[in-house]
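Since the structure comes first, as structure tokens, the remarks are kept for the end.
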Amino acid sequence: MADTIQVTLPDGKVISPPKGINLGELAKSIAISLGKKAIGAVVDGEVKDLHSGLEKDAKVKFVTEADPEALDIVRHSSAHLLAQAVKRLWPEARFGVGPVIENGFYYDMEIPKQLEPEDLEKIEAEMKAASGADFPLKRATMARTAALQWAEERKDPYKRELISDLPADATISFYTQGEFTDLCTGPHVPSTGRLKHFKLLSIAGAYWRGDEKRPMLQRIYGTAFLDAKALEAHLKAIEEAAKRDHRKLGKDLGYFMFHPLAPASPFFLPKGAFLYNALVSYLRGLYAEFGYQEVVTPQIFSSELFKISGHYDNYKENMYFTEIEEREFGVKPMNCPAHALMFGARGRSYRELPLRFADFGRLHRYERSGVVAGLTRVRTFAQDDGHIFMGEEQIGEEIENCFALQQRIYKDLGLSAPTILVGTRPEKSVGSDDLWQRAESTLLAQLERLGQTYKVNPGDGAFYGPKIDFQVRDAIGRMWQLSTFQLDFNMGLRFDLHYNAKDGTQKRPVVVHRAMLGSLERFIGVYLEHVAGNLPLWLAPVQAKVLTVMEDVVPHARGVVAQLAAAGFRVELDDRSDKISAKIRDGALEKVPYLLVIGARERDSGAVAVRERGGGDQGAVPFAQMLERLQREVAERR
């Protein structure tokens, strides 16, 4: 019949409801219980809310709280509940955008007062009132002209701008819950009563549309879950993350600092500098084993270099520039153009390939003030950077070599097996379709050959080639992107690089850009949070602290310190007149791996009373045995 449509359900059953039926009515017609449980539906692969009508044949799967799609619908709707509550408390409030993000949502707003943390409780109370009212969410549409008039009547320039950006013939959707209406495409829950388990988390500033030249809005972050147990678990994870925050740890442990006269640029204090240099030293040892040659390159280049490399057209907004003797110069954001100059400085033979350059040179990238965050997003940093110049036939072996180096590093640092994402050609890129197709197919083929499981991330490649990004889960379940391998068929062409091939012809090299830890600054921030500041013995700036129980044992304790130092250990003496309990507490707060207590008994027996970080009192151990234990633990990089 012309007024019915065919709907195919997940079990293959086909039903014929009236054309135009909304999904909520359809759910009730299938089963009353489904009508009560459904939050939304997936129609031909697209998530929709229950207000949406069906105008043609479709495959439909209803979304209940047991389905993965439900959480995003609940969080999206919770952002609207937040906006409704704010509007009730401050009727002059005007609204930007309120998207779902990982683990929650936020809403950017212009509010006639500076919000304080205690205001979140007031807003939450109002959200609970709106939830308890169980307002149905009603969807309506307008033509663009009418929608613009709606925004004008509300004197809301942000919604007006969003509407103005839509095509002239667009049909624009709105959702109303009680007295509150908001511009939105949906989907949403059927009614506010479905939103019960939410929590507002923090307040931050955010420039409108991420542009520091636009108004600064107030951003309220929140989260929502489908049940109280999941919300409670998430809030506990947030509490644990706060304890591990590298910015707090860095300050408390004396690793690094920041200063407003050098925005987003870290200062590494002596202990932090030790950790930084220890990582570099460790990597240098591996470079010798894996055939890398370390180089040092300039930091400032004529802008002509970046025009050749493609950075000027594709990365300029993230760079710093200056003028010297009427010539424009740029501070390098990456090492690859300098390495290309070094490769091309003289003739090269196939016998030199693969040629592996490593570079710890400082890089500078302009990061907007709204996105910088501790060590994880800074403006000056160094990478464990490497560029491998090779013949095309050597790609497979070099990718395998990169994997072997990465696995060694992750094992030594106690990192989990990574999740692999493959980024393909982005919208802003250089090079021909043919080169990109060759690079992408080659990279994917190598992953298949190595038996690696991966997910394709369309459009997320570097502007010069596809890439593999590695995401690692930390100790409390958060994902961090660390390593990256990038396959570049364009550099040889753009810099006109050649090598003399075995058959006597000249060929262009292919380049693999790779970093194992990535930015050292960012890695240190991530790693401090991963280990909660409890660095492994081989990386700890202070590996052991000798604590004296009484003044009489101080001369003996100094001898113990001297022996440990002579054996290459980083050790400190705490011979203050304080109680031993206070010294132990201070050593624990400093997260020193081993506290070695010496009293009269230990002095007389040639032992140390050992307190291991996280392991408590280990009892008295002969000094020679303890020294061997420390040496073994460092050698094994536990």
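Region 587-621 and region 11-47 have their alpha-carbon centroids 67 Å apart. Within the straight-line cut-off of under 30 Å between alpha carbons, the lysines reachable from K56 are K13, K19, K28, K36, K37, K48, K138, sequence neighbours fewer than 8 places apart in one chain being disregarded.
Ranking request for peptides 228-238, 544-554: highest mean number of other beta-carbon atoms within 10 Å first, then the rest in descending order.
Details: 228-238: 13.5, 544-554: 19.4.
For the peptides 228-238, 544-554, the packing ranking is 544-554, 228-238.
Compute log10 of I(q)/I(0) for region 544-636 with the Debye formula, placing one identical point scatterer on every Cα and leaving out solvent, at q = 0.16, 0.18, 0.19, 0.25 Å⁻¹, to two decimals. Log10 I(q)/I(0), no solvent term: -0.57, -0.73, -0.83, -1.51.
Remind me, relative contact order of region 435-540 in percent, using alpha carbon pairs under 8 angstrom and six or more residues apart?
The value is 21 percent.
Judged by the mean number of other Cβ atoms found within 10 Å, the most tightly packed of the peptides 478-491, 621-634 leads the ranking 478-491, 621-634.
Let a ≥ b ≥ c be the square roots of the eigenvalues of the Cα gyration tensor of region 234-358; is it rounded (a/c under 1.5), or, if not, prolate (a/b larger than b/c) or oblate? It is oblate, given that a/c is not under 1.5 and a/b is not larger than b/c. The charge dipole of region 162-320, taken about its Cα centre with unit charges on the Cβ atoms of Lys, Arg (+1), Asp and Glu (-1) only, comes to about 600 debye. Between helix 228-244 and the chain there is an angle of about 30 degrees, using the helix long axis and the longest principal axis of the Cα atoms.
Can you tell me the 0 to 90 degree angle between the C-alpha axis of helix 144-153 and the longest principal axis of the chain, rounded to 10? Taking Cα atoms only, the helix is inclined about 80 degrees.
Each of V554 and E69 was given a label point 7 Å from its Cα along the Cα-to-Cβ line. The distance between the two points is 7.4 nm.
When the Cα positions of A462, S483, W436 are compared along the charge dipole of region 420-511, S483 comes out farthest toward the positive end, with charges on each C-beta of Lys, Arg, Asp and Glu. Note on E121/R247: beta-carbon distance plugged into 1/(1 + (r/R0)^6) with R0 of 25 Å gives a FRET efficiency of 0.50.
Would you mind getting me the FRET efficiency between A278 and I476? Use the beta-carbon distance for r and R0 = 30 Å, nearest 0.05. About 0.80, to the nearest 0.05. Where only DSSP H runs of four or more residues are counted, the chain gives -11000 deg cm²/dmol as its mean residue ellipticity at 222 nm, each run worth -39500 (n - 2.57).
Give me Rg over Rh for region 69-243, both radii from the alpha carbons and Rh done the Kirkwood way, two decimal places.
Numbers: Rg = 16.0 Å, Rh = 16.6 Å.
Expressed as Rg/Rh, it is 0.96.
Separation of region 423-437 from region 342-381 is 21 Å, based on Cα centroids. Measuring how big region 288-530 is from its alpha-carbon positions, Rg and Dmax come out at 17.8, 56 Å.
Stretching the chain fully between I101 and E393 yields a gain of 100.9 nm (0.36 nm per residue, less the alpha carbon separation).
Relative to the longest principal axis of the Cα atoms of the chain, the long axis of helix 433-449 makes an angle of roughly 70 degrees.
Read-outs throughout are calculated quantities, based only on the coordinates presented, and are distinct from any laboratory measurement. If you're wondering where the values come from, they're calculated on a predicted model, not measured in any experiment. Quick reminder, even Gly has a Cβ in these numbers, built from the backbone with ideal geometry, and neighbours come from all protein chains shown.
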